[in-house]
Amino acid sequence: MDQQEMGLRIDEKTEDVLEVLSQHGYATTGMLVDETGYSRPTVTKRLDRLHAAEKIEYVHEPTALWRLVENPRESGDDSDD
């Protein structure tokens, strides 16, 4: 699936979420909120989009742990920026 099919758009907030994930490989939703300074709904919206595009996976539900599978910034998929 490519980014166009999934409607993934790398905006500034998604970029910030990806930056944290790329630094650590894993992050909880709470950690992403703390590290980016964005609200939980804002972070969750970006995570949902990245998950739908199969760029991250949900590893552990009780802790809301996410893992970066493929960084769309490195694969050249963010051409509609």
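Here, each number is a calculation from the coordinates, and none is a lab measurement. All figures in this text were calculated on a predicted structure; none of them were measured in a lab. Neighbour counts are summed over all protein chains in view; Cβ atoms, including those assigned to glycine, are modelled from backbone coordinates with ideal geometry.
Which peptide among 29-38, 55-64 comes first, and what is the full order, when sorted by highest mean count of other Cβ atoms within 10 Å?
29-38, 55-64
Want the number for Glu57 to Val69: 0.36 nm per residue separation, take away the alpha-carbon distance, what's left?
Computed gain between Glu57 and Val69 is 3.7 nm.
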